[in-house]
Every structure is written in structure tokens, then in C-alpha cells.
Amino acid sequence: MNAPKIQSTVFMALQVNEDTRPIIEALTRDNPEAVVNRYPGMVKVDAPLRLVLKRATVEELIGSDWDLQSFNLNLISLSGNVDETDDELVLQWNR
């Protein structure tokens with residue numbers, strides 16, 4: 001008998017404010033399988049296997065340059081292994 005396949009979920013939790021609105025929108029645009037859960041003062045974005053935050057998508061939404069590192073100011077928590085470049089942040093579980 002085969003064991004059921006378990007799908008790993010990654011997430012990013014952010015404060016709710018004007019700085020995070022374009023980040024949350026970028027996450028939903030670039031990750032169509034992501035689920036956004038809204039709580040008082042916090043938004044948690046869950047995704048199966050992988051979640052990508054792209055600098056270019058946020059810049060398109062805000063209409064100006066954006067430093068990917070600045071999202072850390074509003075980060076509450078995350079789960080998954082982080083792979084970060086100047087252009088994107090990827091959360092996934094390394095296997």
C-alpha cells in the first residue's frame with residue numbers, strides 16, 4: 001500500500017498597512033494558487049510548495065523602484081526555506 005503524498009505549504013505573514021498592500025497584491029498575481037487569509041493587523045499568504053515575491057511586480061504596482069529588502073520591515077513570520085536575490089524572494093521546502 002502506498003502512503004498518501006503530503007503536500008507542503010509555505011507562508012508569509014505581513015502587517016496590514018499601506019506598504020504591504022502592493023506586496024500582497026504582487027504575491028497573489030505571481031502565485032495563482034496562493035490563498036490570502038486576512039486577520040486584524042495581519043495578512044497571511046499560504047501557498048502549496050512554493051511562494052515567490054518578485055521585485056518587478058511590486059515596482060509595476062507602485063510605479064517606482066522598490067528594494068526587496070524593505071519588505072522585512074513589515075514581515076511578521078514566514079515558513080519555508082528562503083532563497084533571495086535582488087530580484088525575487090522564493091519560499092519553498094528544500095527536499
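Here are the numbers for this structure:
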read-out: Scan of region 61-95 for residues that are open to solvent by less than 50 Å² (accessible area, probe 1.4 Å), touching a residue at least 60 places away in the same chain (Cβ under 8 Å), within 18 Å of Thr9 (Cβ to Cβ) and not small (Gly, Ala, Ser), ordered by number; value: Leu75, Leu91
read-out: Candidate set: region 9-60, residues that are open to solvent by less than 60 Å² (accessible area, probe 1.4 Å) and without any contact (Cβ under 8 Å) to a residue 12 or more places away in the chain; chosen: the one nearest to Leu75 (Cα to Cα); value: Asn37
read-out: Region 27-47, residues that are in a strand (DSSP E or B) and basic (Lys, Arg); value: Arg38, Lys44
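The values are calculated or read from the model by the stated rules, or taken from the named source; none is laboratory data. Only a predicted model underlies this, so the values are computations on that prediction, with no experimental measurement involved. For neighbour counting, all protein chains shown are included, and Cβ atoms are generated from backbone atoms with ideal geometry for every residue, glycine included. What goes into the accessible areas is simple: the full protein's heavy atoms, side chains included, and nothing from ligands, DNA or RNA. Shrake-Rupley method; radii C 1.70, N 1.55, O 1.52, S 1.80 Å.
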